[in-house]
Amino acid sequence: MTQMNTMPSSELNVPAAENFNDNPAFQGSIQQFLSDNIGNFVVIEFLIGTQAMTSRQGILYSVGTSYVILYEEVSRTFIMCDIFSIKFVTFYLPGQRPTA
């Protein structure tokens, strides 16, 4: 387990949070599930093209209809990711991080 850093004091400007719970079209969607878990540390695996997989990790910062934003603690940067390329999401307990 590694030490959990805090979010930066000057945060990224993102659109207003969407409420996927109140929109019937998004109930049960990946957007709803991810938005319910903002603030958790995740590793997200993406399919690039037809065979290449890549992963990104960080604190789930924001979720939109077509994107997710992760906060990378080590580099203290934000990364915006295409939600439609997501294949797997691994969630970690509070304060825990991948060990390898």
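The values are calculated or read from the model by the stated rules, or taken from the named source; none is laboratory data. All values derive from a computational prediction rather than experimental measurement. Heads up, the Cβs are rebuilt from the backbone with ideal geometry, glycines too, and the neighbour counts pull from every protein chain shown.
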Worksheet item: In region 73-85, is there at least one residue being within 13 Å of the chain's Cα centre (by Cα) and small (Gly, Ala, Ser)?
Response: yes
Worksheet item: Of the numbered conditions (1) modelled with pLDDT of 95 or more; (2) exposed (fewer than 11 other Cβ atoms within 10 Å of the Cβ); (3) not basic (Lys, Arg), PRO94 satisfies every one except a single condition; which is it?
Response: (1)
Worksheet item: Out of (1) exposed (fewer than 13 other Cβ atoms within 10 Å of the Cβ); (2) at pLDDT below 95; (3) among the hydrophobic types (A, V, I, L, M, F, W, C), what's the single condition that is false for VAL14?
Response: (1)
Practice prompt. Answer yes if at least one residue in region 16-28 is touching a residue at least 40 places away in the same chain (Cβ under 8 Å), more than 9 Å from the chain's Cα centre (by Cα) and more than 26 Å from GLY95 (Cα to Cα), and no otherwise.
Written response: yes
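Which one is farthest from GLY95 (Cα to Cα), of the residues in region 50-79 that are free of Cβ contacts under 8 Å to residues at least 24 places away in the same chain and assigned to a strand (DSSP E or B)? Full working, then the answer.
Step one: filter region 50-79 for residues free of Cβ contacts under 8 Å to residues at least 24 places away in the same chain, giving 50-52, 54-55, 58, 66-67, 72, 74-75, 77, 79.
Of the ones still in play, those that are also assigned to a strand (DSSP E or B) are 52, 54-55, 58, 67, 72, 77, 79.
Details: ALA52: 30, THR54: 24, SER55: 20, GLY58: 12, TYR67: 25, GLU72: 14, THR77: 19, ILE79: 20 Å.
Checked region 50-79; the qualifying residue farthest from GLY95 (Cα to Cα) is ALA52.
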Worksheet, complete the sentence: Scanning region 80-91 residue by residue, those in contact (Cβ under 8 Å) with a residue 24 or more places away in the chain, surrounded by 11 or more Cβ atoms within 10 Å (Cβ to Cβ) and not small (Gly, Ala, Ser) turn out to be CYS81, ASP82, ILE83, ILE86, PHE88, VAL89, THR90, PHE91
Discussion item. Scan region 44-63 and tell me whether some residue there is surrounded by fewer than 17 Cβ atoms within 10 Å (Cβ to Cβ), under 21 Å from LEU12 (Cα atoms) and in contact with a Pro (Cβ under 7 Å, 6 or more places away or on another chain).
Written reply: no
